[in-house]
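Since every read-out is calculated from the coordinates, none of them should be taken as a lab result. Small disclaimer: the values here were computed from a predicted structure and weren't measured. Note that we place each Cβ from the backbone using ideal geometry, even for glycine, and neighbour counts take in every protein chain shown.
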Amino acid sequence: MTSVFDHLVGQEHIIEILEGAVAASRTGEESQEMTHAWVFTGPPGSGRSSAAVAFAQALICPNNGCGTCNDCNSAKTHGHPDVEIIRTEGLSIKVEEVRELLTRVAWAPSMGGWRVVVMEDADRLTESAANALLKAIEEPGTRTVWLLCAPTLHDVLPTIRSRCRHLQLRTPSLEAVTNVLINRDHIAPGMADFAARVSQGHIGRAKYLAINESVRSSRKTIMQLPLQLGSLAAAFQAAQTLVDLATAEANAVSDERDEKEVEKLQEAYGKGATGRGMATGGAKAVKELEKEQKSRSTRMVRDSIDGALLDIATFYRDAMMVQSGNIDSMINTDMREQIESYAASSPSHSTINKINAIMEARENLARNSAPLVTCEALMCQLARK
Amino acid sequence: MKFTVDQNSLTDGVNWVSRSLSTRPIKTELLGIKIDATGDEVILSGSDLETSSKAYFKADILEKGAVLVPGKLLAEISRSLPNKPISITLDGTRVLVTSGSAKFTLPTLSLNEYPNLPELPETTGTVASDTFATAVAQVAIAAGRDDSLPTLTGVHVEINEETITLAATDRYRLAVREFSWNPATPGFSTSALMRARTLADAAKSLVGSKNVSLSFAPTTSNDRLAGFSGDGKTMTSRMLDGTFPPYRHLLPTDSVTTAVVEVAPFLDSVRRVALVTDKTVPLRLEFKDGGVSLEAGAGEEAQATETIDVLLNGEPISIAFNPVFLADGLQAVGTPFVQISFTGSNKPAILTGRTEPNGASIENYRYLLMPMRYAS
């Protein structure tokens, strides 16, 4: 029999726990195995939210998560009355959103099972939002289950995490990711191997890279940047290229979608009606949506720059591997010669400094620093011998 | 789709289903009102997933069909139309609304994405609409408004054969009302928790019908849905999860002092005296044989005092209440006189109604009010 847990890659250790919890939840008795609040942590791309959604499906599915029934399907697509999936694409989850969510969470389960709330970005809760949520987790409804996802346990308020059971996901192995790409997404083995390797266990990123020619080509451009830092002018040029490429990648997705969303909302308030314009409140709702879209696009650009910086970091990582005499575990095998010649021309301590500089730039970006200035500063550091 | 209908039926129906439209829905389709003219009558429906409303009315249906239109706009238009027959026609992807010389066209929304709304559960009994509306309003006033304590935003509905008991509390006051109804099957009993504002809104809007039919699934059922219906109007609402706190033992059975006061002057006086303080600052009351004196504010701050007549039975007593909660209770008893029963200055007091100052108190509604501490 198929199971929703089949789609989780390299997470056998938590599947066992989750299956036990599902079984315990069916008995109707209180047990150690089932509890009302869980935190899923793991590096980006390890499948935190996939694991949480799969657990949600298993809890509400009559067959313990078959993945094929109506309940399983609707749970995944926001269509199930008892499953709430909170997914923000913006910068943060605000307290108003949490309060609104709490009014919905108070409903009794409509099918007599569980009411499941999956919060995919618990690390993006603002402080007041987290405190509003805390109240609900402290005094849980009898049939409500909270599934929070965050990169690490430290991203969740201590008062919240102390009330949750913790599940740590592993970064899936190179083979596991490659196999998923080949078997699930029908990607050619050569491409699957490349994508899995350069995306370092991030399944979503690997797939995106494998199926998008334009993404691969901009990655290629970005990977050449460390080799083009001959002068200060070149460093500034490289920073500009990086930001432009990342912004273009983010906007390609968002522009079209933003426009469609606004159109749909305006229509729902009756834009285009004759004899009378949009209904009262329509303009305000559109304005709010546009604000949300702006926050989302800031986040997408930021995420995309962050991805590019991680890619560049793999260049220096490989260089360091070569410098320390370990040439087998290279990520960017297609750039072997260039990396080897760079490694030969540069001392290993500077390589470490450069990796540190990249990580520092990423942290600054997450703290809302101006993307271009941050990248310029970084490139200047990388340009040093 | 094409039909004509009189203005009243349409506006009434649209207003009813508009109540279920949310302002910030999860899906934009939920901002729409569905007009279904596929059968013998026209059915309007609206939903925010918690409550779903439908309105049925007779119309002269010339062409069958169904369509989803922007709900708020339809409501605003139907209200502004003159009292003349209205014709509604689907023309391609637009809906024409004409009445006399007024003409509107509305865009349509995709009906495919619109969720299937739940069916009205089987009727479990009926009650006179005004009794129901009064009872719900009397109780809903005491419900909490803090959505992070969802259980307390609800009204607890307990059905025991021929009696329905409603109760709500926000931890500072508790309102309990009993009334009789006509169950469809003898020996029926169940309980449910319904969001207070939903219940109050539904009850108030159904007073146009003589009777209201209630549908409460038995507690053992998987379907945690309640239904309310009157003439041509139905609404289903999801119940709240959680256990309502046991409250019966909180209601004191005996008292050391009872005071009877005329509601209107007392209420005015409470509001006047409370003017000098914040909403949460105690209003001090001193019940004596000569009258009850009200006092608020202290020391250097603004102060106010006032004395009004009281019929006192028992020991004199000093007590302090939140002025807003006291005013709510005085209004909710709904009688010319109020009886306040005390068991002590730091114990809860109970408000009940009296039609005559010397008559018996009406025990079917009790409003329990917690006293506040104050420094004297």
Legend entry - Centre separation in Å (Cα based) which lies between the range A:137-161 and the range B:188-210: 34 Å
Legend entry - Extended-chain gain in nm, criterion 0.36 nm per residue less alpha-carbon gap, A:Met359 and A:Ala188: 58.3 nm
Legend entry - Unit charges on C-beta of K, R, D, E only; dipole of the range B:2-107, Debye: 260 debye
Legend entry - Inter-part distance where the range B:1-65 and the range B:297-326 are each reduced to a Cα centre, Å: 51 Å
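Say R0 is 45 Å: what FRET efficiency, to the nearest 0.05, do A:Lys260 and B:Asp40 get from their beta-carbon distance? It would help to have the intermediate numbers written out before the result.
Values: r = 38 Å, r/R0 = 0.85.
Calculated transfer efficiency: 0.70.
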Inset, instruction - Report, by chain and number, residues whose modeled amide H sits under 5 Å from the one on B:Glu162, excluding near sequence neighbours (fewer than 5 apart, same chain). - result: none
Inset, instruction - Among B:Pro336, B:Gly299, B:Ala75, flag the residue with its Cα farthest along the positive direction of the charge dipole of chain B, charges on Cβ as +1 for Lys/Arg and -1 for Asp/Glu. - result: B:Ala75
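With only Lys, Arg, Asp and Glu charged, each at its Cβ (+1 for the first two, -1 for the last two), find how big the charge dipole of the range B:165-244 is about the Cα centre; round to the nearest 20 debye. Before the final figure, lay out the partial values.
On the way: 10 positive and 6 negative charges, 46 e Å.
Charge dipole of the range B:165-244: 220 debye, to the nearest 20.
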Inset, instruction - Along Cα→Cβ, 7 Å out, is where each label goes; now give me the distance between the ones at B:Lys64 and A:Ser74 in nm to one decimal. - result: 2.6 nm
Legend entry - Debye-sum result for the range B:38-178 in log10 I(q)/I(0), which assumes one identical scatterer on each alpha carbon, at q = 0.16, 0.18, 0.20, 0.21 Å⁻¹: -0.99, -1.08, -1.20, -1.27
Legend entry - A:Ile203, A:Ile17 arranged by Cβ crowding within 10 Å, fewest neighbours leading: A:Ile17, A:Ile203
Inset, instruction - Could you pull out which residues in the range B:6-45 have an amide N less than 13 Å from a spot 7 Å beyond the Cα of B:Lys204, following the Cα-Cβ vector? - result: B:19
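As a check on your grasp of the helix formula, calculate [θ] at 222 nm for chain B: sum -39500 (n - 2.57) over DSSP H runs of n ≥ 4, divide by the residue count, round to the nearest 500. Could the numbers behind the result be given before it?
Values: 6 runs with 67 residues, N = 376.
That calculation yields -5500 deg cm²/dmol at 222 nm.
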Legend entry - Top positive-direction residue, dipole computed over the range B:65-196 with Cβ charges, set B:Ser110, B:Thr169, B:Gly100: B:Gly100
Legend entry - DSSP-assigned coil residues among GluC sites (Glu not before Pro) in the range B:191-300, each with at most 15 further Cβ atoms within 10 Å: B:Glu300
Inset, instruction - Can you pull the one-decimal nm distance between simple spin-label points at B:Leu311 and B:Asn182, each 7 Å off the Cα toward Cβ? - result: 3.6 nm
Inset, instruction - Taking chain B as the reference, fit the longest principal axis to its C-alpha atoms, fit the long axis of helix B:263-274 to the helix C-alpha atoms, and give the angle between the two in degrees, 0 to 90, nearest 10. - result: 80 degrees
Legend entry - Cα long-axis angle, helix B:196-205 against chain B (0 to 90 degrees, to the nearest 10): 70 degrees
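Take peptide B:144-154, look around each residue's Cβ out to 10 angstrom, count Cβ atoms belonging to other protein chains, and average those counts. All intermediate terms of the calculation are to be shown ahead of the outcome.
Values: counts 0, 0, 3, 12, 13, 5, 11, 3, 0, 3, 1.
So the per-residue partner count for this stretch is 5.
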Inset, instruction - Starting from the Cα of A:Ser231, step 7 Å along the direction of its Cβ; do the same at B:Glu76; then give the gap between the two resulting points in nm. - result: 6.1 nm
Inset, instruction - Order by neighbour count: B:Arg79, B:Arg248, fewest other Cβ atoms within 10 Å first, most last. - result: B:Arg248, B:Arg79
Legend entry - Proxy reagent accessibility, fewest Cβ within 10 Å first, across B:Lys347, B:Lys233: B:Lys347, B:Lys233
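Rounded to the nearest 500 deg cm²/dmol, what is the calculated helix-only ellipticity per residue at 222 nm for chain A, with -39500 (n - 2.57) per DSSP H run of length n ≥ 4? Can you show the working numbers first?
On the way: 15 runs with 224 residues, N = 385.
Counting only the DSSP helices, I get -19000 deg cm²/dmol.
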Legend entry - For chain A, projected area of the alpha-carbon convex hull averaged over all directions, nm²: 22.4 nm²
Inset, instruction - List the aspartates and glutamates whose Cα lies under 17 Å from the Cα of A:Lys291, skipping any in the same chain that are fewer than 8 positions away. - result: A:Glu89, A:Glu96, A:Glu97, A:Asp255, A:Glu256, A:Asp258, A:Glu259, A:Glu261, A:Glu263
Legend entry - Bins of 20 Å, starting at 0 and running to the largest distance - Cα pair percent for chain B: 26, 44, 26, 4
Inset, instruction - List, in order, the whole-Hz ³J(HN,Hα) value for each residue of the range B:249-254 obtained from phi through the Karplus relation with A = 6.51, B = -1.76, C = 1.60 and θ = phi - 60°; use x for Gly and Pro. - result: 6, 6, 7, x, 9, 10
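Pairs A:Lys287/B:Lys27; B:Lys2/B:Lys58; A:Lys207/A:Lys354; A:Lys264/A:Lys294; A:Lys94/B:Lys27; B:Lys34/B:Lys64: which exceed 22 Å Cα-Cα?
On the way: A:Lys287/B:Lys27 17 Å; B:Lys2/B:Lys58 13 Å; A:Lys207/A:Lys354 28 Å; A:Lys264/A:Lys294 17 Å; A:Lys94/B:Lys27 19 Å; B:Lys34/B:Lys64 14 Å.
A:Lys207/A:Lys354, as the Cα separations exceed 22 Å there.
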Inset, instruction - Within the range B:87-165, list the trypsin sites (Lys or Arg not before Pro) lying in a DSSP loop whose Cβ has at most 11 other Cβ atoms in a 10 Å radius. - result: B:Arg145
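Classify the range A:87-208 as rounded, prolate or oblate, taking a ≥ b ≥ c as the square roots of the eigenvalues of its Cα gyration tensor: rounded when a/c is under 1.5, otherwise prolate if a/b is larger than b/c and oblate if not. Before the final figure, lay out each step's value.
Details: a/c = 2.57, a/b = 2.06, b/c = 1.25.
Prolate is the answer for the range A:87-208, as a/c is 1.5 or above and a/b outweighs b/c.
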Inset, instruction - Could you tell me which GluC sites (Glu not before Pro) in the range A:115-193 are loop residues by DSSP with no more than 16 other beta carbons within 10 angstrom of their beta carbon? - result: none
Legend entry - Span from the the range B:95-174 Cα centroid across to the the range A:237-277 one, whole angstrom: 38 Å
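Over all residues in B:234-247, what is the mean tally of Cβ atoms on other chains that come within 10 Å of each residue's Cβ?
Details: counts 0, 0, 0, 1, 7, 5, 6, 11, 8, 2, 0, 0, 0, 0.
That works out to 3 on average.
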Inset, instruction - Could you order peptides A:286-295, A:71-80 by the average number of other Cβ atoms within 10 Å of their residues, highest first? - result: A:71-80, A:286-295
Legend entry - Average beta-carbon neighbours from other chains, 10 Å sphere, peptide A:129-139: 2
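Which whole-number value in Å³ per residue fits the convex hull of the alpha carbons of the protein assembly as shown? Before the final figure, lay out each step's value.
Values: hull volume 170.1 nm³, N = 761.
Each residue corresponds to 224 Å³ of Cα convex hull volume.
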Inset, instruction - Tell me which residues come under 5 Å, amide H to amide H, from A:Val145 once H is placed; ignore anything under 5 positions away on its chain. - result: A:Arg115, A:Val116, A:Val117
